[in-house]
Amino acid sequence: MSSASLSRRSFFRRSFLAMSAMLPWAFKSMTATRSIPVGLELYSVRDALKQDPEGTLRAVAQMGYQAVEFYAPYFEWTDAQAKHMRKVLDDVGLRCYSTHNAADNFNEKNINRARDLNLILGSKYLVLSWSDPKTGPDGWKSIANLLNSAAESLQSSGLTSGYHNHQAEFTGALGQRPMDLLAKDTKPSVMLQLDVGTCVEAGSDPVAWIRANPGRIRSIHCKDWSPDADKGYKVLFGEGVTDWKGIFRAAESVGGVEYYLVEQEGSRFSEFETARRCLQTFRSIHQGL
């Protein structure tokens, strides 16, 4: 074999070894890129948040949460307050991907103010957190129009609207449930934020809902539910009847989920201990996929 051939073989061998050494790091990097943040809907720690907003954010970050979702009271902040909260978020390594909003935040009078606050916080989605369950078909059409109008208004700022369900939206005949109507009548850019617990309590299948609306379930409220009358929503994440592994698989294969949010209405533990335990169980179940 010529010296030139030996040189080429030596070069390819060194290159192969170098690439092989890099593969584990490359795999870890790809895995990290695909990882989906898990955050906390701050209603879960509402008493603590009211007393000490900054301390609450720091405590949530120390538990290991990666994001938070502010709810209605944030709308009363001044720009200075919002900027301070954004600084705290940045300092502790938390993201705010969305906020929960009353319907009034989407009207012509308030939408620009809501937009500005969300831009300060670094949010992507203004989520309508609740609507009247007695609206009827015409009422749901009006809600869809409100969400579409907000999405159009927010588009130039890089934001969009979203809708958060409760039990009422998943009652009725399949195809005629309020959530089916909202999904049909809203733009694809409008996020359908799935509250799992209320969906399950209503007797609907969250996995089927995710698969029926590919790419639109970009955020999921991970709240469990038990049919036991003494427990209901007071069970911790993972203690109810929900098929969390099935939900995670559907959300990450077709649902388009961008981030998860643990939500708890209360439990046998304190707010912080509840949030800590829920995150621990979330990670255990999700890592076991």
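All of the numbers you see were taken from the coordinates with simple rules; none came from a lab. This one's a predicted model, so the numbers in the text were calculated from it and none came from an experiment. Heads up, the Cβs are rebuilt from the backbone with ideal geometry, glycines too, and the neighbour counts pull from every protein chain shown.
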Quiz item: Considering only Cα-Cα distances, which of the following residue pairs are longer than 25 Å: Lys124/Lys223; Lys124/Lys187; Lys50/Lys187; Lys83/Lys184; Lys50/Lys223?
Solution: Lys50/Lys187; Lys83/Lys184
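Give the residue list of trypsin sites (Lys or Arg not before Pro) in the stretch 234-289 that are DSSP loop and have at most 15 other beta-carbon atoms within 10 angstrom.
Arg268
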Exercise. Give a residue-ordered list of calculated ³J(HN,Hα) values for the stretch 281-289 (Karplus: 6.51 cos²θ - 1.76 cosθ + 1.60, θ = phi - 60°; whole Hz; x for Gly, Pro).
Key: 6, 3, 5, 5, 6, 5, 6, x, 5
Quiz item: Between (1) 1.00; (2) 1.07; (3) 1.17, which matches Cα Rg over 2.2 N^0.38 Å calculated for the structure shown?
Solution: (3)
Quiz item: Among Asn145, Phe170, Pro188, which residue has its Cα positioned farthest towards the positive end of the charge dipole of the stretch 37-287, with +1 placed on the Cβ of Lys and Arg, -1 on the Cβ of Asp and Glu, and the dipole taken about the Cα centre?
Solution: Pro188
Practice problem: Could you check what % of the DSSP bridge pairs in the chain are antiparallel, to the nearest 5? | Solution: 0 percent
Quiz item: Contour minus end-to-end for Asp228 and Ile285, with contour as 0.36 nm per residue of separation and end-to-end as the Cα-Cα distance?
Solution: 18.3 nm
Exercise. Obtain the nm distance between the two label points defined at Gln51 and Lys187 by a simple spin-label model: each point lies 7 Å from its Cα along the Cα-to-C-beta direction.
Key: 4.3 nm
Quiz prompt | Sparsely packed trypsin sites (Lys or Arg not before Pro) within the stretch 133-215, loop by DSSP, other Cβ within 10 Å at most 15 | solution = Lys134
Quiz item: Non-local amide H neighbours of Tyr259 (under 5 Å, H modeled in plane, Pro and chain starts lacking H): which ones?
Solution: Ile220
Quiz item: Arranged by the count of other C-beta atoms within 10 angstrom, fewest first, what order do Phe272, Phe106, Phe237, Phe75 take?
Solution: Phe272, Phe75, Phe106, Phe237
Quiz item: About its Cα centre, how strong a charge dipole does the stretch 151-287 have in debye, to the nearest 20, once Lys and Arg get +1 and Asp and Glu get -1 at the Cβ?
Solution: 340 debye
Self-check item: the chain - charge dipole about Cα centre, Lys and Arg +1 at Cβ, Asp and Glu -1, debye rounded to 20
Solution: 1720 debye
Quiz item: Roughly speaking, what is the stretch gain from Arg113 to Ser149, that is 0.36 nm per residue apart minus the C-alpha to C-alpha distance, in nm to one decimal?
Solution: 11.4 nm
Practice problem: Report relative contact order for the chain in percent, whole number only (criteria: Cα-Cα under 8 Å, sequence separation at least 6). | Solution: 16 percent
